[in-house]
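Following: one structure in structure tokens, then a few remarks.
FYI, it's all coordinate maths here, none of it is from the lab. Every value quoted in this text rests on a predicted model; they were computed, and no experiment measured them. Note: ideal-geometry Cβ built from the backbone for every residue, glycine included; neighbour counts use all protein chains shown.
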Amino acid sequence: MKKTLISFCLILVTLLGACNGSDKREEHSQNSMVEKNETLIIPGEDEVIDAEIVRKGEVLIAYSNCYECHKEENKAKGPSFQAIAKRYPMQQVYLDHLARKIISGGSGAWGYPVMEAHPHLKFEEAKMMATYILSLEEK
Ligand code: HEC
């Protein structure tokens, strides 16, 4: 009887140890994800974009709540617009992707907390906003 109790305790201790260990590993991999996220740059040629779309995107952003979490040059609650512009080439596929993300919100691409959703925006509006953001890349 005593023996079973002892081996039961041993198993328990081992299990607890294993849980702790995996917690630590998870923390570590999350940290390295943040580093990778900040520096990830997707290669690709920029497409030429109509200046009128960029201007409309700028106005739409000015009338929305984006600057509560984003700044042009420095990170805030979310990544800076310049950092976003540096990551994504000015191409339709990335503009579509970013427009969808602006509308649905989410996390995981930069290692910041969640971006809130903007379900009231039309896809075309969100895409103009994304076009303006990607036009801000430092040259
Ligand atoms: C509540 C804070 C908050 C608001 C308001 C907000 N954002 Fe964000 N935004 C974030 C965060 C946090 C991230 C990073 C999400 C991630 O790591 O995937 C982000 C990421 C982004 C990205 C990059 C997405 C990607 O997948 O690379 C774009 C583009 C963007 N925001 C545009 C906007 C626009 C346009 C608005 C206004 C309509 C806006 N954001 C409003 C917090 C916010």
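Per residue, what volume in Å³ does the Cα convex hull of the range 51-134 take up?
85
Mind checking the dipole of the range 83-139: about its Cα centre, +1 per Lys or Arg Cβ, -1 per Asp or Glu Cβ, Debye to the nearest 20?
That gives the range 83-139 a dipole magnitude of about 100 debye.
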